[in-house]
1. With the requirement that a residue be farther than 26 Å from Leu275 by Cβ and open to solvent by less than 70 Å² (accessible area, probe 1.4 Å), what does region 65-81 give you?
2. Read through the list (1) touching an Asp or Glu at 6+ places or on another chain (Cβ under 7 Å); (2) without any contact (Cβ under 8 Å) to a residue 40 or more places away in the chain; (3) part of a helix (DSSP H, G or I), then give the number of the only condition that Ala176 fails.
3. Please note which helices (runs of 4 or more DSSP H) are completely contained in region 374-472 and include at least 1 residues that are over 33 Å from the mean Cα position of the chain (by Cα).
4. Consider region 159-178. How many of its residues are buried (at least 24 other Cβ atoms within 10 Å of the Cβ) and not hydroxyl-bearing (Ser, Thr, Tyr)?
5. Quick one: is Arg156 open to solvent by 30 Å² or more (accessible area, probe 1.4 Å), over 18 Å from Phe250 (Cα atoms), basic (Lys, Arg) and without any contact (Cβ under 8 Å) to a residue 40 or more places away in the chain?
6. Checking the structure you have, find out if any residue of region 283-306 is touching a Cys at 6+ places or on another chain (Cβ under 8 Å), part of a helix (DSSP H, G or I) and either among the aromatic types (Phe, Trp, Tyr) or crowded, with 22+ Cβ neighbours inside 10 Å (or both).
7. Considering every residue within region 255-274, establish whether at least one is surrounded by fewer than 20 Cβ atoms within 10 Å (Cβ to Cβ), within 26 Å of Asp39 (Cα to Cα) and in contact with an Asp or Glu (Cβ under 9 Å, 6 or more places away or on another chain).
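The values are calculated or read from the model by the stated rules, or taken from the named source; none is laboratory data. The structure presented is a predicted model; accordingly, all values stated were derived computationally and were not measured. Because the Cβ atoms are built from the backbone with ideal geometry, glycine has one as well, and the counts that use them run over all protein chains shown. For accessibility, only protein heavy atoms count, side chains too; no ligands or nucleic acids. Shrake-Rupley method; radii C 1.70, N 1.55, O 1.52, S 1.80 Å.
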Amino acid sequence: STISMDSLKTSLLQLECHFTWALLKEHVSLEALEETILDHITFLVQYEIRDYNLLSYVNHLKNSNEEALRNLKKAEEAIQKHHPDEIAKRSLVTWGNYAWIYYHMQRYEEAQTYVSKVENICKKLSSTAHGKIQLLEIYAEKGWALLRFGRHYFERAKDCFENALQSEPNNPDFSAGYAIAMYRLEGEAQRYGGEQRPCLEALQRAVELNPRDTTVVALFALELQRLNRGNEGERYIEEGLQKTPDFPVFLRHAANFYRKKGEVNKAVEILKRALALTPNSVVLHHQLRLCYRFKALQLKKARYPPQQEMENLIQLAIFHFKIVIDKKPVFFSAYSDLAGTYAIGKRYEEAEETFQKVLQRNDLACDEKQDIYFNYGHFQQFHMKSESKAIKYYIECLKIEKDSYSRKKCSKIVETLLKQKIESGLGGATDIGTLGLVHYLNGKKQEAIECYEEAIALDPNNEEYLNALAELQLSI
């Protein structure tokens with residue numbers, strides 16, 4: 001029987017599975033994601049169906065479709081083990097992934113078979129009341145997959161869990177997903193600016209519904225700490241250490257809690273315990289290097305810093321940093337941190353190289369790029385003692401229009417630097433013209449015009465200022 005390719009493709013696009021959820025591989029490091037999922041399977045058996053489904057999609061993105069089929073087989077085995085009386089209902093995402101993978105392998109008959117299986121089950125379900133219930137499960141699975149793909153997906157993940165909770169407000173799994181998505185969004189807002197949406201209530205609710213889930217317990221504690229209620233938070237962390245002493249995800253959050261509290265040695269000890277359990281976890285290496293860097297900076301503040309000990313800590317921090325960047329090249333903020341760590345150790349050439357490496361990438365989001373320009377400007381200003389270069393990069397940050405913390409910081413610093421220079425009488429036309437540009441980039445047209453007029457009075461034939469002024473006058 002010949003299959004109509006058009007109708008097959010149309011049916012495939014209607015399936016609810018990882019292939020239709022717009023999860024783009026450029027937003028993740030596939031190797032790091034694969035390791036996270038494998039660790040998850042080891043430590044959280046109850047989520048293995050979801051994990052094997054996602055793993056099959058990651059395999060496909062890495063061009064290993066055979067491996068993907070093997071993991072879908074494992075998902076099917078897990079469905080039989082956990083839900084023997086609802087096999088068809090629980091298999092919709094798995095079968096959808098099967099259909100897509102066979103399609104990509106050009107095994108169209110098999111793809112069509114799985115498409116038909118899904119369509120038949122959906123017909124059956126929609127004629128009974130259970131249709132809705134199964135879709136909630138799929139919403140949740142989609143939400144968890146979105147969370148795994150990083151910061152560009154948190155908003156969509158939150159919506160998935162929110163939709164599921166409307167029908168089942170007391171479902172612990174939906175509640176945990178929603179709380180984690182809210183926590184991540186709040187973290188993004190703290191880091192880059194943007195709408196702050198408090199997540200404490202969502203976390204508290206998730207903890208009440210499932211006190212055994214120490215992941216949400218830990219995030220709840222971290223959020224309490226962020227709100228200056230660290231003593232309350234610490235009780236939850238200590239309980240979690242009793243409940244799940246060997247669960248790496250919890251240990252990582254616990255370590256983060258103690259590092260933020262300033263108990264860095266305790267954090268290092270917990271991280272080493274977690275690393276023994278999951279040696280390839282990028283996040284653990286990332287946390288360790290934050291600890292070593294923190295300790296190096298503490299020593300640097302001493303009146304007579306112990307050079308050798310500082311060197312050792314910087315070496316350790318750099319060692320873990322390199323693992324992070326190697327395994328997860330899309331972890332952009334790590335580059336600035338690595339460069340900053342080189343700078344603490346006065347290794348300026350390596351710092352410069354690291355900045356250049358990340359500045360040349362073309363897959364940075366606007367706020368990430370602003371963040372890196374800010375850090376690079378800071379490096380030029382304070383380590384290389386070059387004010388003119390610093391100003392140049394602060395302005396590069398301002399040229400990106402997105403409103404963010406880094407942009408606000410750059411704007412403030414660069415205005416202060418230029419005004420100090422001008423007021424001390426050391427500033428020439430160039431500085432006044434540059435200040436004009438800063439005002440212009442910040443939308444202060446009147447101030448920009450005044451600066452350009454002043455610059456032209458000092459340097460009457462400067463094309464750049466004349467053109468800028470003409471343009472501004474036309475736009476007002």
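1. Quick first cut of region 65-81, residues farther than 26 Å from Leu275 by Cβ only: 65-70, 72-81.
Hits for region 65-81 are Asn65, Glu67, Ala68, Leu69, Leu72, Ala75, Glu76, Ala78, Ile79.
2. Every condition holds for Ala176 apart from (2).
3. Values: elements: 387-399, 405-423, 429-441, 445-458.
Counting at least 1 such residues, we get 405-423, 429-441, 445-458.
4. The first filter runs over region 159-178 and keeps only residues buried (at least 24 other Cβ atoms within 10 Å of the Cβ), leaving 160-161, 164, 174-178.
Still in the running and not hydroxyl-bearing (Ser, Thr, Tyr): 160-161, 164, 174, 176-177.
Counting residues in region 159-178 that are buried (at least 24 other Cβ atoms within 10 Å of the Cβ) and not hydroxyl-bearing (Ser, Thr, Tyr) gives 6.
5. Working: open to solvent by 30 Å² or more (accessible area, probe 1.4 Å): yes; over 18 Å from Phe250 (Cα atoms): yes; basic (Lys, Arg): yes; without any contact (Cβ under 8 Å) to a residue 40 or more places away in the chain: yes.
Yes; evaluated as a whole, the condition is true for this residue.
6. Step one: of region 283-306, the residues touching a Cys at 6+ places or on another chain (Cβ under 8 Å) are none.
No, that holds for no residue.
7. Taking every residue of region 255-274 in turn, at least one turns out to be surrounded by fewer than 20 Cβ atoms within 10 Å (Cβ to Cβ), within 26 Å of Asp39 (Cα to Cα) and in contact with an Asp or Glu (Cβ under 9 Å, 6 or more places away or on another chain).
Yes/no per residue for (1) open to solvent by 60 Å² or more (accessible area, probe 1.4 Å); (2) closer than 21 Å to Leu435 by Cβ; (3) out of contact with any Cys (no Cβ under 7 Å at 6 or more places or on another chain):
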site: Glu352; (1), (2), (3): no, no, yes
site: Val358; (1), (2), (3): no, no, yes
site: Ala365; (1), (2), (3): no, no, yes
site: Lys369; (1), (2), (3): no, no, yes
site: Ile372; (1), (2), (3): no, no, yes
site: Asn375; (1), (2), (3): no, no, yes
site: His378; (1), (2), (3): yes, yes, yes
site: His383; (1), (2), (3): no, no, yes
site: Ser386; (1), (2), (3): no, yes, yes
